[in-house]
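One structure below.
The values are calculated or read from the model by the stated rules, or taken from the named source; none is laboratory data. From a predicted model like this one, the values you see are computed outputs, not experimental measurements. We place every Cβ from the backbone using ideal geometry, glycine too, and count neighbours over all the protein chains shown. Calculation scope for accessible area: heavy atoms of the full protein, side chains included, ligands and nucleic acids excluded. Shrake-Rupley method; radii C 1.70, N 1.55, O 1.52, S 1.80 Å.
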4 protein chains.
Amino acid sequence: MFSLYLIKRLLALIRRYTNKAGGYMPLTALALNCSLKGSAEKSSTDKILNEVLQELAKYDVTSEVIRVVDYNIKPGVKSDEGEGDDWPHLRAKVLAADILIFGSPIWLGQPSSVAKRILERMDAFLGETDDKQRMPPYGKVAVVAIVGNEDGAHHCHAEIFQALNDVGYTIAPGAGTYWVGQAMASTDYKYLKSPYDKTLQTNRTSAANAMHLAKLLKANPYEGL
Amino acid sequence: MFSLYLIKRLLALIRRYTNKAGGYMPLTALALNCSLKGSAEKSSTDKILNEVLQELAKYDVTSEVIRVVDYNIKPGVKSDEGEGDDWPHLRAKVLAADILIFGSPIWLGQPSSVAKRILERMDAFLGETDDKQRMPPYGKVAVVAIVGNEDGAHHCHAEIFQALNDVGYTIAPGAGTYWVGQAMASTDYKYLKSPYDKTLQTNRTSAANAMHLAKLLKANPYEGL
Amino acid sequence: MFSLYLIKRLLALIRRYTNKAGGYMPLTALALNCSLKGSAEKSSTDKILNEVLQELAKYDVTSEVIRVVDYNIKPGVKSDEGEGDDWPHLRAKVLAADILIFGSPIWLGQPSSVAKRILERMDAFLGETDDKQRMPPYGKVAVVAIVGNEDGAHHCHAEIFQALNDVGYTIAPGAGTYWVGQAMASTDYKYLKSPYDKTLQTNRTSAANAMHLAKLLKANPYEGL
Amino acid sequence: MFSLYLIKRLLALIRRYTNKAGGYMPLTALALNCSLKGSAEKSSTDKILNEVLQELAKYDVTSEVIRVVDYNIKPGVKSDEGEGDDWPHLRAKVLAADILIFGSPIWLGQPSSVAKRILERMDAFLGETDDKQRMPPYGKVAVVAIVGNEDGAHHCHAEIFQALNDVGYTIAPGAGTYWVGQAMASTDYKYLKSPYDKTLQTNRTSAANAMHLAKLLKANPYEGL
């Protein structure tokens, strides 16, 4: 026999899976492109982000891509650094999305300064817990997409996973997708002549797992302390 | 109205939450202590691991702690490195647990060689996917517990999160718990005279979130590709 | 007997150790403070940088501290990113100094976005080699000074050492100095009530070794390929 | 006019550059191969180590390669961990060499467990300072050679640079050499059909700079505190 507890949880699940009209609630994704180049320029990071978003679209996930460097993200660790700060606007978009796709190029084997700026601003989440000690991104799922001419993707994954996890994101298996060339190579992902199967496969895996996990957590939020 | 799809999933959920006798299926945890010292010696890593397990026990999670260095984990990246290799035995325990608590001391700001040995052996999971491209740890949740006299915990979290995620683990928010002393200090966690509240609070958070996520994923496995 | 080669080198050494008037050539240091706060605010990074510079001053090393965030360091990987870019000005100061003291606060266990911006701009050095394949910072010595409320210094050292080494800097033993508090602590270095002996000792070591090495390399430049 | 101090230093330099018979003192290098495979097996790490040693040989540097996993390097952080420990033997070789070539394969984007074991044993150097606070490797120069099927070299450089620097090694520009394939590729360096120019060029640079620096430091030891 089922416990009362389990029945309650199932009912909660049914409620959460449906909106007021009884329909299925689709998921949304936000992709942050932490390229050093503004949106006037073609970006390899954009290419991989769009590939991941296309995979998510197969699961009816709707999405938007933000070119972060187009905005004035002021230095600091507060959620609003005052006049001219565009972070409050981006922050609202970040927290409205069920899935965050965090995209960064590699420079000197490491994530971009633009990526680090975003992570610093997310540091504020540590102090913005609710009465159950839950930070704002609790229940949201992160994917990290990295591109570079060469070496550095795993390290970028490691640093960004740790930072995003510290501020409340959940990370599904295979959440790190990437493309890099051979050691010291100089080709850009955006100029690859043919699709690179291994990256496309990893995009699929990261999208499928992120979607599955985001859906579960939306229906069953962390309960906190 | 609910779709047929949703009803099927709810029925699957009910089946998975229950065993044949209709009872609730409790979760299990395995803690790997990657200390450089054998079990004859007192270990600071053991202390934090046991604290996390006590938190998990509040949710009826049963557990075991393994002192890895007591075993002969041969160098290599296969699941069985032949005669005398104790990894196949530990590997079975790792894969039987719903939650993995990965514990490492810090040396020179980095995880121990024993921790790295375990991660290398888990590299084999990359090639052990099922017909839906799922690695053996899919659906299992990892917590990383780090102690050191001083500085290095975030980096250990980053490296271990990335490696465990690469081989199929899911990571709940706040999955990194730790204690370190002030810069260049020499006190061990095991000799702290009084409990350190901030670490205890982080233990609670990581346990609560890991339990919630492991339960969800056990009932709702990743579907793979 | 000494070889002609050795005699030539000794004469070169004597010439380099002296200026035209026959006097001793003193060394210079530049400290980059990669705090997120402008120079109107008190900075913990400033405190440790000044401590290191005081140690260098004992060896007659003259110095300057730059608060990087006061300047407009545009995103990019070229030595001049065009109108409004302050990097060309800072770059000239960086390359005029024999010793670089690279100072960064820790956020989420990692170097600041301001630190990463500087490293990205130094990426251009990779393409600015002379006819013997030597990058502009060849012969210059780096010290890395890190402060944070808590954990992250070793990782910051690692990332910054690697990036600076990639672009041509030499690193003397014990080049990483730092202060951090206990796990999850919130005290700032600038508010410590009494001097912290271990950090002061590390400052002394890093200064003594950097000075020794910078002097040697100024007198005996890398010969390149 | 030259100061008495400078004359004394020059005389010391002359003495150090020569042995008792008045001849030039050649440098020595030790290469540690931290492969997971014993010396019965062909190793990609061996290939790059030998390439670096060939470059050093052009400067009359004599050398030896050690396959670390052939030895029993016991877990621990003391210079002698007792019966059966082979580290004291390797430690003597390490400290007899002017240049250390630290070679590691990449697994999951990170250095091998064998590499980490060596670094842990070197932790003991922190406590083995002389009366001027100099650790045993003061004056010795490190090169880090990394190979992997794919991504991870910069991170391995970063971690190993930091650890070796912490225990007293000096790092010349471009000290990190490496080869990796494209993202998720599976070819081994040892099976590359043709030499890879960029890695060979980096080998040359790292050898030339390490040799130059080791020679300088042998003639002009760090003076300590």
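Per residue, the average separation of C-alpha pairs within less than 8 Å and at least 6 apart gives region D:17-142 a relative contact order of 30 percent.
The heavy atoms of B:Val65 offer some 50 square angstrom of accessible surface to a 1.4 angstrom probe.
Modelled this way, with points 7 Å down the Cα-to-C-beta line, the labels at B:Thr129 and C:His89 are 5.3 nm from one another. Would you work out if region C:25-219 is rounded, prolate or oblate? Take a ≥ b ≥ c from the square roots of the eigenvalues of the alpha-carbon gyration tensor; rounded if a/c is under 1.5, else prolate when a/b is larger than b/c, oblate otherwise. Note, shape of region C:25-219 comes out oblate. Within the shell of other residues whose beta carbon sits under 12 angstrom from the beta carbon of A:Ile48, the net charge comes to -2, with Lys and Arg scored +1 and Asp and Glu -1. Rounded to the nearest 20 debye, the dipole size of region B:25-219 about its Cα centre is 440 debye, using +1 on the Cβ of Lys and Arg and -1 on the Cβ of Asp and Glu. Dipole of region A:24-219 computed with +1 at Lys/Arg Cβ and -1 at Asp/Glu Cβ about the Cα centre; of A:Ser113, A:Leu27, A:Pro75, farthest Cα towards the positive end is A:Leu27.
Taking the DSSP bridge list for the protein assembly as shown and keeping only pairs wholly inside it, about 15 percent are antiparallel. Express in Å², to the nearest 10, the accessible area of C:Val147 obtained by rolling a 1.4 Å probe over the protein heavy atoms while all chains stay in place. Accessible area of C:Val147: about 10 Å². Starting from the label point of B:Gly38 at 7 Å along Cα→Cβ, the same points in the other copies fall at 2.2, 6.3, 6.6 nm, in ascending order. The accessible-area ordering, largest first, of the residues D:Tyr178, D:Tyr191 stands as D:Tyr191, D:Tyr178, per a 1.4 angstrom probe. Over 24 Å apart at the Cα level, from the set A:Lys193/C:Lys78; C:Lys37/C:Lys218; A:Lys93/C:Lys37; B:Lys78/D:Lys190, are A:Lys193/C:Lys78; C:Lys37/C:Lys218; A:Lys93/C:Lys37. Sorted from shortest to longest, the distances between the A:Lys218 label points of this copy and the other copies are 2.6, 6.3, 6.6 nm, with each point 7 Å from Cα along the line through the beta carbon.
Taking only Cα atoms of the protein assembly as shown, what ratio of Rg to Rh do you get with Rh as the Kirkwood inverse-distance radius?
Looking at the protein assembly as shown, the ratio lands at 0.97.
What the Cβ-Cβ distance of C:Ser39 and D:Glu223 gives, at R0 = 22 Å and to the nearest 0.05, is a FRET efficiency of 0.05. Residue by residue, region D:91-107 carries 3J(HN,Hα) couplings of 4, 5, 5, 4, 7, 7, 8, 6, 10, 9, 9, 9, x, 9, x, 9, 10 Hz when phi is fed to the Karplus relation 6.51 cos²θ - 1.76 cosθ + 1.60 (θ = phi - 60°); x denotes Gly or Pro.
Tally Lys/Arg at +1 and Asp/Glu at -1 over every other residue whose Cβ is under 12 Å from the Cβ of D:Ile101; what's the total? Spell out each step's value before the answer.
On the way: positive: D:Lys140; negative: D:Asp46, D:Glu51, D:Glu55, D:Glu64, D:Asp98.
Surrounding charge for D:Ile101 is -4.
Comparing A:Asp85, A:Asp130, A:Asp46 in a Gaussian network model of chain A where C-alpha atoms under 10 Å apart are linked, the largest mean-square fluctuation is found at A:Asp130. Remark on region C:178-225: accessible area falls by at least 50 square angstrom from chain-alone to full-complex state for C:Tyr178, C:Gln182, C:Ala183, C:Met184, C:Tyr196, C:Lys198, C:His212, C:Leu216, C:Tyr222, C:Leu225, probe 1.4 angstrom.
Calculate the translational D of region D:44-113 in whole µm² s⁻¹ from Stokes-Einstein, where the hydrodynamic radius comes from the Kirkwood formula applied to all Cα pairs, the temperature is 25 °C and the viscosity 0.890 mPa s. D, rounded to a whole number, is 177 µm²/s.
Taking one quarter of the surface of the C-alpha convex hull of region C:60-156 gives a mean projected area of 7.5 nm². Taking 0.890 mPa s as the viscosity and 25 °C as the temperature, the Stokes-Einstein diffusion coefficient of region C:133-178 based on its alpha-carbon Kirkwood radius rounds to 220 µm²/s.
Considering only chain C, the C-beta nearest to the rotation axis that sends C to B is found at C:His155, 2, the distance in whole Å.
For B:Asp60, which inter-copy label distances result when the label point lies 7 Å beyond Cα on the Cα-to-Cβ vector, reported in nm to one decimal and in ascending order? In ascending order, 3.4, 7.8, 7.8 nm. For region C:119-196, the C-alpha radius of gyration sits at 1.39 times the compact-globule guess of 2.2 N^0.38 Å, with N the residue count.
Report the relative contact order of chain D, percent, no decimals, based on alpha-carbon pairs under 8 angstrom and at least 6 residues apart. In percent, rounded to a whole number, it is 23.
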